[in-house]
Every structure is written in C-alpha cells, then in structure tokens.
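Reviewing the structure listed below.
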Amino acid sequence: MILFNKGVDCWEAMKVDERITEYRDAVYEQVVKVGKSLGNVTRLQLLNILAQGPKTVEVLASTVGLSVATVSRNLQILKQTNLVAIEREKNFVTYRLNSERVKQLVTLLVDVCEETLPEMTILEKTLAQETGAPEALTGDALKTKLMADDVCLIDLRPADEFASQHLPGARNVPYDQLDQRLAELPKDKEVVVYCRGRLCAYANVASQQLQAAGFKVATFNQSVWEWSRVMTETE
C-alpha cells in the first residue's frame, strides 16, 4: 500500500492518518515492553550478572540471594522480550544474554542515570568515601598502566565469570578468597581491582581491605564489556 499519494481523496487521507497512528502506537508498545521488563531491580541485577557470562537458575538465585522460583519468574519476563536466551545441555538449563546489544543497553542505562540523577552520583561518591576514597581509574588510564607493566590487575569475580572473559593480564582472586590470598599479591606494584562494573561495590570494598593490609591500590569500576568497548574505540 502506498501511504502518500497526491491523488488521494479526503476519505483515503483519513485512512492513511489512521494507519500512521495505528503503526505509531503499535511500535511504541513494543518498545514499552522492553522498558517494562527492565523496570525491576531483580531483573536488572540478573542482566548485569548475565553480562559476565552464562549461568544456571540455581547459580543466579544464589548470587542475588533470592529463591529459584523468584529468579525463574523474572527470567521468564526477560525471555518474553528476548533479552535473555536459554541453552539446554542434557539436564542443565543455562541462561545467557541474547546479544551484545543487551550489555550495551544496561551500560547505557547506567550512563544516563549518572548524567541525569544526582542521587546516583551521591551514592557513588559516598561509597568511595566510606571505602577510603581509592583512585578510580578510567579505561585509558588503566591501559597506560598495563602497557607499562606498572600494576597487578585483580579480577574479583567468581572463577566461571573470569573464565568467560576478563581483562588482559588479570589474575583471578574471587572476593571471598581475598583475605586468604593476600600473600600472593606483590607489594612492589600498585594493585588494581575490578569486579562487575559500576553497579557493583566489591571493587571498592576490596580496595579498602588491601589498603589496610599495606598495599597501594586503585579500582577500575567498569565492566569487562565496557573495557572491551574502550579498547575498540581506541584501536
């Protein structure tokens, strides 16, 4: 159907207007579906965790501290809008993000939040102050330090997330093992810690523990995916 035609009469023009309105409302409704699926703390947590790598429902439930039933229900909502996908292998069901675009979407939400909501900035500054105000490195600053071999880079995430993807040269010391593995870390280099990004507090909390143990420490409070994006942009 050709919507725009100089020869259409008034009746046809009205039908064209109706079709345009119908289409507009329908496509907005599809976008709203995705927005609604994101408008929940639990579901946003799940997306941020799945951005680190695929996980089973049981592991996700343990990570966010909720029941398997609650997590399953929220995963189904995310699946309805194709933000997550299922992988089946024998008796195991694993969830993963449906595309890199979903990681980009979560990152963009945080970017917009930092730009528009003063409360977000206050929360981030308060956390930094409460944990000894460690230096927070940008992607470019970390890249420079890594190229100069000036730092010991520590990934605080669980081993499966580290295995899925990690920053170049990083050493995996999961947060719950940090106290027991301090002796493995060099004191003649600056230690840089990172975890799951800006929606995660573990890097700051770990930096405080390391400072108390006598280490020179900084944080990288962005995700592995954000690091990859920075590297792509600078290539």
**OP:** Would you mind finding the one in ASN91, ASN82 that is of a type in the set (S, T, N, Q), more than 18 Å from the chain's Cα centre (by Cα) and surrounded by fewer than 17 Cβ atoms within 10 Å (Cβ to Cβ)?
**Re:** ASN91
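The rows are residues; the columns are (1) within 23 Å of SER223 (Cα to Cα); (2) at pLDDT 95 or above.
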| site | (1), (2) |
| --- | --- |
| ASN40 | yes, yes |
| LEU46 | yes, yes |
| GLN52 | yes, yes |
| THR70 | no, yes |
| LEU83 | yes, yes |
| GLU115 | yes, yes |
| ALA133 | yes, no |
Original post:
Would it be correct to say that THR70 is more than 18 Å from the chain's Cα centre (by Cα), surrounded by 11 or more Cβ atoms within 10 Å (Cβ to Cβ) and outside the structural domain of THR219 (by TED's automatic domain parsing)?
Top reply: yes
Original post:
In region 128-176, which residues are among the polar types (S, T, N, Q) and closer than 19 Å to TRP225 by Cα?
Top reply: THR138, THR144, SER164, GLN165, ASN172
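Looking for whichever is under 22 Å from LEU47 (Cβ atoms), among the charged types (D, E, K, R) and either in contact with a strand residue (DSSP E or B) (Cβ under 6 Å, 6 or more places away or on another chain) or not assigned by TED's automatic domain parsing to the domain that holds PRO54 (or both) here; the options are ASP176, ASP160. Which one fits?
Details: ASP176 fails: under 22 Å from LEU47 (Cβ atoms).
The match here is ASP160.
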**OP:** State all residues of region 110-134 that are surrounded by 14 or more Cβ atoms within 10 Å (Cβ to Cβ) and over 18 Å from the mean Cα position of the chain (by Cα); if no residue qualifies, say none.
**Re:** LEU127, ALA128, THR131, GLY132, ALA133, PRO134
**OP:** Take region 135-146 and flag every residue that is farther than 16 Å from LYS216 by Cβ and charged (D, E, K, R).
**Re:** ASP140, LYS143
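The values are calculated or read from the model by the stated rules, or taken from the named source; none is laboratory data. Treat the numbers as computed from the prediction; the structure is a model and nothing was measured. Quick reminder, even Gly has a Cβ in these numbers, built from the backbone with ideal geometry, and neighbours come from all protein chains shown.
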